[in-house]
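Okay, structure first, notes after.
The values are calculated or read from the model by the stated rules, or taken from the named source; none is laboratory data. Keep in mind that what you see is a predicted model, and the values were worked out from it rather than measured. When we count neighbours, we look across all protein chains shown, and the Cβ atoms used for this are built from the backbone with ideal geometry, even at glycine.
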Amino acid sequence: MLSRCILSVKTPVGPPIEIIRHTFSAPLPKPAQRVSLVAGLHGDELEGLYICHRLIETLKKLEEQDALKGEVHIYPAVNPQALETGTRLWPFFSVDINRTFGQTHTPSLPGETSKILLEDLKSNSDLVVDIHSSNLHLMELPQIRIIKNFEKKLVPLAKFCNVDLIWVHPHAEIFESTLGYNLNQAKIPTLVIETGICLRINKNYCEQIVLGILNLLRQTGTIDSSEPEEEIREPKMVQPEYVAMVQAGNAGLFIKQAEVGQMVTEGEKIGDLIDPVGGQVLEEIRSPRSGLLFTLREHPLTSKGAPVARIATEEPA
Ligand SMILES: [Zn+2]
């Protein structure tokens with residue numbers, strides 16, 4: 001493993017901000033395939049860091065066994081200041097770095113950082129995986145989200161990743177400043193994984209993704225290994241009209257009675273919305289459709305209209 005600092009910036013009093021890239025490379029003159037893994041764009045999403053840690057452990061062993069046929073780059077913490085404070089945004093600037101990519105005018109430090117990261121990824125990758133977790137409110141089943149325009153190229157690659165779900169959604173302007181969109185526009189296929197919840201580490205989901213990424217490396221000829229030996233799951237393909245969203249009709253505390261990953265039937269109860277002060281149940285939250293419960297509210301504090309659940313349905317929702 002070769003480690004390189006791709007960015008180092010002085011801070012007023014503390015140690016510098018540094019972005020590290022670890023490289024595992026085949027001892028061949030021209031590597032077969034170059035795959036990059038990125039985590040920590042949002043500093044409160046810690047599962048990607050753990051996934052990178054597990055992959056580094058495995059790749060070190062594979063390197064010793066001469067099992068590398070291509071090149072793997074791991075960027076485990078691309079927003080170090082936000083990671084240190086456990087915040088989604090880059091502190092001080094309060095900027096979402098994943099909304100600064102592809103902009104030509106970059107006067108701020110987060111903007112300059114995203115530019116350097118994007119260029120580094122472009123010059124070192126044939127394929128990129130960008131790992132995210134959900135926000136503080138919702139628990140997500142391991143999934144890959146794909147913008148409709150990139151569906152054809154990305155779905156076959158996403159199927160290698162051992163996720164439960166591939167969600168194809170329409171393009172929106174808001175995606176144009178993300179890392180994933182800019183890399184895909186630059187013809188570097190990029191998969192955006194969304195799993196679990198921020199500020200926590202769901203070990204089972206992380207291990208599931210680790211297996212998936214190892215399988216992706218194997219299927220693309222980047223590693224020559226019998227791992228993973230476990231069977232890779234067939235993801236459920238979901239088109240936009242097959243997602244049923246449940247929103248709270250009242251403000252209250254959400255007490256869940258289901259778990260993500262569960263198959264629910266139409267009308268099945270998934271939780272109660274209670275008035276904790278008045279001692280009454282305001283609303284029984286029921287699934288509007290039968291299908292796979294893939295998003296569920298984890299944060300009990302719920303405002304009126306807040307998302308509570310998403311279900312991947314068998315028929316248009
Ligand atoms: Zn994120």
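Please find, among Ile56, Ile116, the residue that is modelled with pLDDT of 95 or more and either within 16 Å of the ligand (Cβ to nearest atom) or under 28 Å from Gln185 (Cα atoms) (or both).
Details: Ile56 fails: either within 16 Å of the ligand (Cβ to nearest atom) or under 28 Å from Gln185 (Cα atoms) (or both).
Every option except Ile116 fails the conditions.
Taking the range 21-60 as the search range and keeping residues that are acidic (Asp, Glu) and not in a helix (DSSP H, G or I), which one is farthest from the chain's Cα centre (by Cα)?
Asp44
May I ask you to list the residues in the range 1-43 that are of a type in the set (Val, Ile, Thr), surrounded by fewer than 20 Cβ atoms within 10 Å (Cβ to Cβ) and within 21 Å of Glu57 (Cβ to Cβ)? Break it down stepwise before answering.
Kept after step one, since they are of a type in the set (Val, Ile, Thr), are these residues of the range 1-43: 6, 9, 11, 13, 17, 19-20, 23, 35, 38.
Applying the additional criterion that residues be surrounded by fewer than 20 Cβ atoms within 10 Å (Cβ to Cβ) yields 6, 9, 11, 13, 17, 20, 23.
Residues satisfying the conditions are Ile20, Thr23.
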Check the range 195-203 and report whether any residue there is touching a strand residue (DSSP E or B) at 6+ places or on another chain (Cβ under 7 Å) and away from the ligand (no atom under 16 Å from the Cβ).
no
Which members of the range 69-106 meet the condition of being in a loop (DSSP other than H, G, I, E, B), of a type in the set (D, E, K, R) and within 13 Å of the ligand (Cβ to nearest atom)?
Arg88, Asp96
Quick one: which of Glu63, Glu18 is touching a strand residue (DSSP E or B) at 6+ places or on another chain (Cβ under 9 Å), in a strand (DSSP E or B) and not aliphatic (A, V, I, L, M)?
Glu18
